Amino acid sequence: MSFDGSAKDPMSKAVRDALLGFMAAMAEAQAETMKEAQAAGIALARSKGAYRGRKPSFSREQLDQVVALLGEGRGPAEVAKVAKVSRQTVYRIKENPGAAGRALAAWA
């Protein structure tokens, strides 16, 4: 049996489709298992105090500058240019400045 995807008779098509469906299901099951294992590893690391999350892409000075500029009423795009951070970083800091400070403290 060749697996070139150009099956002519109905039985070959059915076998091909069944094999592809099985392989897709196995790949999905493996991905879910890996996600669960990763979540368990992160939970274990957090319980030991070793998990800090992703390293922030901004410094303490940039954080203070973003908070100050937002306090002046400037827009996110302008704040991002002045502080030399991404707009998404500005939005993230604007949404929860406390969490941004804690993330910096964890990596200090």
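Looking for something surrounded by 13 or more Cβ atoms within 10 Å (Cβ to Cβ), in a helix (DSSP H, G or I) and within 23 Å of the chain's Cα centre (by Cα) - is there at least one such residue anywhere in the stretch 43-59? Within the stretch 43-59, not a single residue is surrounded by 13 or more Cβ atoms within 10 Å (Cβ to Cβ), in a helix (DSSP H, G or I) and within 23 Å of the chain's Cα centre (by Cα). In a helix (DSSP H, G or I) and surrounded by 12 or more Cβ atoms within 10 Å (Cβ to Cβ): is that true of Val67 in this structure? In short, yes.
Output the number of residues of the stretch 18-61 satisfying the condition of being among the hydrophobic types (A, V, I, L, M, F, W, C) and in contact with a helix residue (DSSP H, G or I) (Cβ under 9 Å, 6 or more places away or on another chain).
Residues flagged as among the hydrophobic types (A, V, I, L, M, F, W, C) and in contact with a helix residue (DSSP H, G or I) (Cβ under 9 Å, 6 or more places away or on another chain) within the stretch 18-61 amount to 2.
Please verify whether the stretch 70-77 includes one or more residues that are in the same structural domain as Ala100 (by TED's automatic domain parsing) and of a type in the set (A, V, I, L, M). Scanning the stretch 70-77 turns up at least one residue that is in the same structural domain as Ala100 (by TED's automatic domain parsing) and of a type in the set (A, V, I, L, M). Here Met11 does not qualify as within 26 Å of the chain's Cα centre (by Cα), part of a helix (DSSP H, G or I) and farther than 30 Å from Arg87 by Cβ.
The values are calculated or read from the model by the stated rules, or taken from the named source; none is laboratory data. On a predicted model such as this, the values are computed, not experimentally measured, just so you know. Glycine gets a Cβ as well: all are built from the backbone with ideal geometry, and neighbour counts include every protein chain shown.
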